[in-house]
Amino acid sequence: MISVFDIFKIGIGPSSSHTVGPMRAAHDFVQSLSRSPCLGSVRRLQVRLLGSLAWTGRGHGTDKAVVLGLLGQLPSSVDPAQIDRMLAEVRNSKSIPICEGHRASFDPDLDIVFDVALEAKHHPNTLLFCALDSDGEQVVGEAWCSIGGGFVCREDEIAQASSSQPSGPTAPFDFRSGEELLRFGRERELSIAETVMANECLIRSREEIEDYLDLITAAMMGCIDRGLSMEGELPGGLKVKRRAKSIFDQLEASARSNMRSPHEVMDWVSLYAIAVNEENAAGGRVVTAPTNGAAGVVPATLRYYRDHCPGSSADGMRTFLLTAAAIGALFKMNASISGAEVGCQGEVGVACSMAAAGLAAVLGGDNAQIENAAEIGMEHHLGMTCDPVGGLVQVPCIERNAFGAVSAVNAASLALRGDGKHIVSLDVVIRTMRDTGRDMQSKYKETSLGGLAVNLPEC
């Protein structure tokens with residue numbers, strides 16, 4: 001079972017696969033190293049980044065994330081205001097404290113290698129950690145993969161995934177496909193949100209789950225509010241200016257002058273998404289939903305429900321997130337949410353599908369209509385490439401989230417106008433997205449070697 005606690009995680013920008021994942025991998029590596037019987041002979045650490053991490057890691061802050069992880073920091077708890085200070089201390093001391101009383105030599109400029117030549121074996125986001133002794137010989141080595149959405153695993157776990165069997169308690173509704181999800185709902189007369197809640201209650205209390213959903217909601221709304229108040233230029237060298245506050249001020253002025261356009265609500269939805277993704281691009285605190293590159297779609301659609309839909313409630317927002325988590329889990333299990341594996345269809349496309357399902361649920365849709373909304377949301381993102389200019393999650397990522405959020409509202413509306421019957425099922429569109437991602441050339445999968453990344457001159 002992929003939990004709502006897995007799908008929605010509080011972290012920092014700009015990327016779940018290139019920032020959040022590498023930080024977690026580095027943290028887990030150094031924690032393991034601190035308990036190793038070989039610790040006493042460790043004198044130096046090195047990290048080699050492969051695949052997409054090598055090509056776009058600098059723009060995504062992968063090197064900084066690795067340093068923070070080696071320092072024992074985690075995306076959910078690191079203080080963004082202290083990051084520059086911590087990085088400076090490592091650069092100045094050229095060392096990492098592995099545990100109390102033991103430091104290892106580590107110069108980020110020399111010991112983090114962006115290796116674009118060595119091919120990753122199992123996943124395009126691969127990190128090779130190496131602990132060396134005083135003779136420069138490897139004492140401990142581990143390969144980790146950042147598999148999208150902040151999820152990480154050791155490389156050998158990917159290799160064994162096809163043959164290993166799931167362990168632990170079996171969820172009461174162990175759905176692995178959209179059809180199974182619908183079948184459980186029909187047989188037990190449960191909504192998708194109720195089905196997910198029943199699974200979550202297997203390992204946590206209902207109160208704990210609801211508290212976490214409320215925490216995620218508050219983090220999403222807080223991120224939007226911060227984005228609406230900030231001005232200035234985003235880091236990275238593209239000289240992209242924040243626009244959310246300016247758009248917000250314009251919309252507020254239009255409301256005061258009673259000069260409101262019929263399509264104004266679309267501008268609000270776009271604004272909410274832009275606010276989140278500008279915060280993400282600046283390295284601020286965001287919710288991975290299901291990735292950082294697509295972090296604006298679900299919050300923007302949820303904000304649309306809260307602020308623009310009559311009858312919205314706290315319970316409705318929980319239902320929204322539980323429903324969206326079910327859809328995200330299906331994509332994670334049966335395809336991918338990694339832009340480095342399947343392109344942006346796996347990020348903004350999945351986020352749109354999740355948000356459409358969540359919105360359809362809280363606007364009164366039955367399970368068939370919710371599944372239809374999720375299918376529509378992805379069907380029209382099929383083939384979307386991941387081609388960030390300069391390796392930064394800015395162009396076209398920020399505006400792309402705005403379009404994904406508006407599409408989610410549209411998908412939910414179309415589904416609610418129907419009876420749930422449709423030609424293309426959610427399972428078919430998930431399988432199609434997976435196959436399309438496999439066929440997509442690697443230059444369109446978060447390497448910045450194709451698409452807008454090469455056709456738009458950097459300035």
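Quick notes
- On inspection, Glu194 fails the criterion of being more than 17 Å from Asp307 (Cβ to Cβ), touching a Lys or Arg at 6+ places or on another chain (Cβ under 6 Å) and either surrounded by 12 or more Cβ atoms within 10 Å (Cβ to Cβ) or not aliphatic (A, V, I, L, M) (or both).
- Any hit, segment 166-180, residues being touching a residue at least 24 places away in the same chain (Cβ under 8 Å) and over 25 Å from Glu371 (Cα atoms): yes
- Only residues that are crowded, with 24+ Cβ neighbours inside 10 Å and assigned to a helix (DSSP H, G or I) were counted in segment 330-340, giving 4.
- Segment 79-119, residues that are assigned to a loop (DSSP other than H, G, I, E, B), under 26 Å from Gly51 (Cβ atoms) and either open to solvent by 70 Å² or more (accessible area, probe 1.4 Å) or touching a residue at least 24 places away in the same chain (Cβ under 8 Å) (or both): Phe106, Val116, Ala117, Leu118, Glu119
- Leading residue by the ranking (farthest from Lys94 (Cα to Cα)) among those in segment 24-51 that are open to solvent by 60 Å² or more (accessible area, probe 1.4 Å) and within 25 Å of the chain's Cα centre (by Cα): Arg24
- Odd one out for Ile203, checked against (1) closer than 30 Å to His422 by Cα; (2) open to solvent by 40 Å² or more (accessible area, probe 1.4 Å); (3) of a type in the set (Val, Ile, Thr): (1)
- Residue in segment 423-430 that is hydroxyl-bearing (Ser, Thr, Tyr), open to solvent by 10 Å² or more (accessible area, probe 1.4 Å) and assigned to a helix (DSSP H, G or I) present: no
- The residues in segment 240-271 that are modelled with pLDDT of 95 or more and assigned to a loop (DSSP other than H, G, I, E, B) can be counted, and the count is 3.
- Unique residue being among the acidic types (Asp, Glu) and surrounded by 15 or more Cβ atoms within 10 Å (Cβ to Cβ) when the list is Glu231, Glu264, Glu210: Glu210
- Scan of segment 122-141 for residues that are closer than 25 Å to Val342 by Cα and touching a Phe, Trp or Tyr at 6+ places or on another chain (Cβ under 6 Å), ordered by number: Leu127
- Within segment 131-147, the set of residues being in a strand (DSSP E or B) and exposed (fewer than 15 other Cβ atoms within 10 Å of the Cβ) comprises Gln138, Gly141.
- Single condition Gln369 does not satisfy, out of (1) modelled with pLDDT of 95 or more; (2) open to solvent by less than 20 Å² (accessible area, probe 1.4 Å): (2)
- Given (1) at pLDDT 95 or above; (2) more than 21 Å from the chain's Cα centre (by Cα); (3) open to solvent by 80 Å² or more (accessible area, probe 1.4 Å); (4) of a type outside the set (Val, Ile, Thr), index of the condition Arg226 fails: (2)
Residue-wise test of (1) more than 16 Å from the chain's Cα centre (by Cα); (2) farther than 30 Å from Thr126 by Cβ; (3) open to solvent by 30 Å² or more (accessible area, probe 1.4 Å).
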| position | (1), (2), (3) |
| --- | --- |
| Val276 | no, no, no |
| Val287 | no, no, no |
| Ala294 | no, no, no |
| Asp315 | yes, yes, yes |
| Leu322 | yes, yes, no |
| Ala325 | no, no, no |
| Gly328 | no, no, no |
| Cys344 | no, no, no |
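The values are calculated or read from the model by the stated rules, or taken from the named source; none is laboratory data. A quick note: this is a predicted structure, and the numbers were derived from the prediction, not measured. FYI the Cβ positions are ideal-geometry reconstructions off the backbone, even for glycines, and counts take in every protein chain you see. Accessible surface is based on the protein model in full, side chains and every heavy atom, while ligands, DNA and RNA are left aside. Shrake-Rupley method; radii C 1.70, N 1.55, O 1.52, S 1.80 Å.
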